[in-house]
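Presented below is the structure to which this report refers.
The values are calculated or read from the model by the stated rules, or taken from the named source; none is laboratory data. What you see is a predicted model; the values in this text were computed from it and never measured. Glycine also receives a Cβ, built like all others from the backbone with ideal geometry; neighbour counts cover every protein chain displayed.
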Amino acid sequence: MDELLSPPLEGLDHVRGEPGAPLELVMFGDFQCPFCLGAQSVLRRVRERLGDRLRFGFRHLPIPERHPLAPLAAEASEAAAAQGSFWELHDELYANQPRLSPEVVFEVANGLGLDVERMRAEVDSGAHRDRVARDVASAEASGATGTPTFFVNGKRFYGAYDAGSLVEALEGDAPAQR
């Protein structure tokens, strides 16, 4: 039985690419996961190869048992989204992952010109906790239990997540499911 992305990408998701793009790749990720960090360069290559044919979505799946800073980073990224800068903070959190700490999260946000006091207040109050929980619920409904987990054109992708394999699966030359 296919494991399908549930729910499909929606307007409140974080998406790079045009809404009508024919190819869709979604990653469930954790900002403190070293494998998610490793996937960032792969995802850049996939986006470069497929250009405007690809729509890439990111959903949160923090795993606090292994990555205690992941929930904070996820909520901070949502606070950045509220200021129109989700992808900027997303990229910087991964770039700074080796030295990630609560201080670094806000230092990076400050470097991006975000209102850090507003961000701190939103994180402290849990203003974005439900948004992160929505993604976690989606992961559970979709069968994603670890990070990174990829969905290619709505179906769970198994196998190596190198750029060639992902592009091949996206273009339909290889099955996204096995």
Note: among A80, A70, A76, just one is in contact with a Phe, Trp or Tyr (Cβ under 6 Å, 6 or more places away or on another chain), closer than 27 Å to P19 by Cβ and not acidic (D, E), namely A80
Would you confirm, using the coordinates I've provided, whether G159 is more than 19 Å from the chain's Cα centre (by Cα), outside any helix (DSSP H, G or I) and not basic (K, R)? no
Can you find a residue that is among the acidic types (D, E), farther than 19 Å from D162 by Cα and modelled with pLDDT of 95 or more anywhere in the stretch 24-46? no
Output the number of the condition that P19 fails; it satisfies all remaining conditions of (1) outside any helix (DSSP H, G or I); (2) farther than 23 Å from R134 by Cβ. (2)
Could you figure out which of (1) outside any strand (DSSP E or B); (2) modelled with pLDDT of 95 or more isn't true of D173? (2)
Within the stretch 40-49, identify whether any single residue is of a type outside the set (F, W, Y) and either touching a Pro at 6+ places or on another chain (Cβ under 6 Å) or assigned to a strand (DSSP E or B) (or both), and answer yes or no. no
With (1) within 24 Å of P19 (Cα to Cα); (2) surrounded by fewer than 21 Cβ atoms within 10 Å (Cβ to Cβ); (3) in contact with a helix residue (DSSP H, G or I) (Cβ under 6 Å, 6 or more places away or on another chain) as the list, and P148 as the residue in question, which single condition is left unmet? (2)
Among all residue pairs at least 6 apart or on different chains, which show Cβ distances below 8 Å where the first residue, located in the stretch 127-141, is under 15 Å from A73 (Cβ atoms) and the second is modelled with pLDDT under 95? R131/L12
How many of the residues making up the stretch 120-141 are in a helix (DSSP H, G or I) and closer than 16 Å to P62 by Cα? 14
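Table: residues versus (1) over 13 Å from the mean Cα position of the chain (by Cα); (2) loosely packed, with under 13 Cβ neighbours inside 10 Å; (3) of a type in the set (A, V, I, L, M, F, W, C).
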{"residue": "Q40", "(1), (2), (3)": "no, no, no"}
{"residue": "E48", "(1), (2), (3)": "yes, yes, no"}
{"residue": "F56", "(1), (2), (3)": "no, no, yes"}
{"residue": "Q83", "(1), (2), (3)": "yes, no, no"}
{"residue": "L89", "(1), (2), (3)": "no, no, yes"}
{"residue": "S101", "(1), (2), (3)": "yes, yes, no"}
{"residue": "V104", "(1), (2), (3)": "yes, no, yes"}
Got a sec? Which of E18, E65 is modelled with pLDDT under 95 and surrounded by fewer than 20 Cβ atoms within 10 Å (Cβ to Cβ)? E18
